[in-house]
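What follows is a single structure, written as structure tokens, with notes after it.
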């Protein structure tokens with residue numbers, strides 16, 4: 001298996017840290033679909049952004065989490081619909097959160113930014129994160145037969161975690 005290449009923009013080259021590099025290396029291992037790809041890494045003042053046309057993610061090394069890296073890498077997969085075929089990830093921020101959380105425990109270091117997990121879960125994320133991940137995995141499975149999987153997941157999060 002070939003190893004992915006990270007290409008840092010000029011701005012990120014000046015701002016990158018060993019922590020950023022090691023977190024990127026650990027995160028990309030969870031994305032076999034990107035193993036042969038060159039992923040550009042740029043800087044943003046926000047938490048993270050993705051540009052699927054340019055195969056570019058933008059990160060803020062000072063506000064870095066595995067969740068943010070995973071979320072932005074998942075956006076790159078959302079842009080690979082043709083290559084992924086039946087394994088394509090639907091567009092949208094909530095779908096991106098669901099697939100990121102389901103992909104690996106690595107991305108559970110902070111709560112999702114778009115999936116409404118409820119206030120109680122946000123206040124004690126470490127206690128609830130494994131259950132949230134389990135429900136996200138179930139929701140992806142449910143999507144195969146029910147397109148209302150996000151509504152199902154939202155209801156399941158409300159009833160099983162509150």
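Nearest 10 degrees, 0 to 90: what angle lies between the long axis of helix 93-103 and the longest principal axis of the chain (Cα atoms)?
The two axes meet at around 90 degrees.
For helix 18-28, report the angle its Cα long axis makes with the longest principal axis of the Cα atoms of the chain; keep it between 0 and 90° and round to the nearest 10°.
60
Multiply the residue gap between residue 126 and residue 10 by 0.36 nm, knock off their C-alpha separation, and tell me the result in nm, one decimal place.
Going from the current span to full extension adds 38.1 nm.
What is the extension gain from residue 159 to residue 81, computed as 0.36 nm multiplied by their sequence separation minus the C-alpha to C-alpha distance, in nm to one decimal?
Length gained, residue 159 through residue 81: 24.8 nm.
How would 137, 98, 28 line up from fewest to most surrounding beta-carbon atoms within 10 angstrom?
137, 28, 98
Between residue 138 and residue 114, what is the FRET efficiency for a Förster distance of 25 Å, r being their Cβ-Cβ separation, to the nearest 0.05?
Efficiency computed from Cβ-Cβ geometry: 0.85.
How much FRET efficiency would the formula 1/(1 + (r/R0)^6) give for residue 17 and residue 51, where r is the Cβ-Cβ distance and R0 is 30 Å, rounded to 0.05?
0.85
Sorted from largest to smallest, which semi-axis lengths in Å does the alpha carbon gyration tensor of the chain give for its equivalent ellipsoid, taking the root of 5 times each eigenvalue?
Largest first, the chain gives 27, 19, 12 Å.
Quick one: which of 123-133, 64-74 comes out on top by average Cβ neighbours within 10 Å, and what's the full order, highest first?
Ranked by mean Cβ neighbours within 10 Å, highest first: 64-74, 123-133.
With axes computed from alpha carbons, what is the tilt in degrees of helix 66-78 against the longest principal axis of the chain, rounded to the nearest 10 within 0 to 90?
Its long axis makes an angle of about 90 degrees.
Laboratory data are not the source of any read-out in this text; all were calculated from the coordinates shown. Treat the numbers as computed from the prediction; the structure is a model and nothing was measured. Methodologically, a virtual Cβ is constructed for each residue, glycine included, from the backbone with ideal geometry; neighbour enumeration extends over all protein chains shown.
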